[in-house]
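These notes are about the structure you will find just below.
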Amino acid sequence: MDRRIIAPSILAANFNQLGTDIEMINNSSAAWIHCDVMDGVFVPNISFGIPIIEHIKKIATKPLDVHLMIIHPENFIQQFADAGADVLTVHYETCPHLHRTIQQIRLAGAKPSVCLNPHTPVSVLENIITEIEMVLLMSVNPGFGGQKFIEGTYEKVRQLRNLIEQKNPSCLIEVDGGVNLDTGKHLFEAGANVLVAGSFVFNSPDPLETIRRLNNI
């Protein structure tokens with residue numbers, strides 16, 4: 001697919017002025033808003049939960065791409081969908097009954113997506129790829145922003161692109177971690193559709209221009 005989407009991650013936003021940062025994304029060329037939900041159990045950090053998603057949804061004019069880095073995500077699918085998640089990503093590593101969880105997401109009215117940690121091979125998705133709208137590949141170890149990009153991600157994107165082209169050509173590939181103009185260019189070339197950028201956007205002197213440049217690499 002030729003579709004390209006930039007999804008700034010609000011994990012890197014200034015939470016003292018979160019409304020202002022959401023409005024910035026509204027006015028930017030980004031297509032989605034990426035929301036990282038962390039529980040301090042599956043990943044070594046705690047971020048925010050359902051109330052923050054609800055507040056973001058009230059002012060966001062773009063779809064919310066919600067990434068659940070939590071154990072037992074099946075217990076919260078409906079709540080996150082009701083809070084405003086348009087795309088809902090769960091981790092392969094936390095879902096022993098992945099097919100059922102994907103069904104839950106669809107029934108709740110959101111688009112189902114599955115995330116793989118850096119060490120998890122693409123092959124685990126062979127029997128489920130036809131059921132999902134997107135795969136999120138972590139290009140850093142999840143939990144904290146600002147980490148160094150894992151170079152092996154390019155080959156992983158290519159492997160996933162081959163699987164998708166065979167079994168579900170409409171499925172998107174998203175990559176999160178260490179995205180900048182250089183890594184982003186190579187990720188798009190390898191077959192990615194969606195790039196999540198947090199620190200690179202919000203720590204830049206001009207976030208609007210940074211998003212524009214990511215869109216045009």
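The values are calculated or read from the model by the stated rules, or taken from the named source; none is laboratory data. This is a predicted model, so every value here is computed, not measured. Glycine gets a Cβ as well: all are built from the backbone with ideal geometry, and neighbour counts include every protein chain shown.
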Checklist entry - Of all residues in the range 126-180, how many are touching a strand residue (DSSP E or B) at 6+ places or on another chain (Cβ under 7 Å), closer than 23 Å to ILE33 by Cβ and among the aliphatic types (A, V, I, L, M)? => result 11
Checklist entry - Tell me, which residue of the range 156-182 that is within 16 Å of the chain's Cα centre (by Cα) and of a type in the set (Val, Ile, Thr) is modelled with the lowest pLDDT? => result VAL179
Next on the checklist: Quick check on the range 128-144. Is at least one of its residues over 23 Å from PHE48 (Cβ atoms), free of Cβ contacts under 8 Å to residues at least 24 places away in the same chain and not hydrophobic (A, V, I, L, M, F, W, C)?
Outcome noted: no
Item to check | The lone exception for ALA7 - which of (1) in contact (Cβ under 8 Å) with a residue 60 or more places away in the chain; (2) farther than 30 Å from CYS95 by Cα; (3) surrounded by 16 or more Cβ atoms within 10 Å (Cβ to Cβ) it fails | outcome: (2)
Checklist entry - Is the range 194-214 home to any residue that is closer than 18 Å to TRP32 by Cα, touching a residue at least 12 places away in the same chain (Cβ under 8 Å) and touching a Lys or Arg at 6+ places or on another chain (Cβ under 7 Å)? => result no
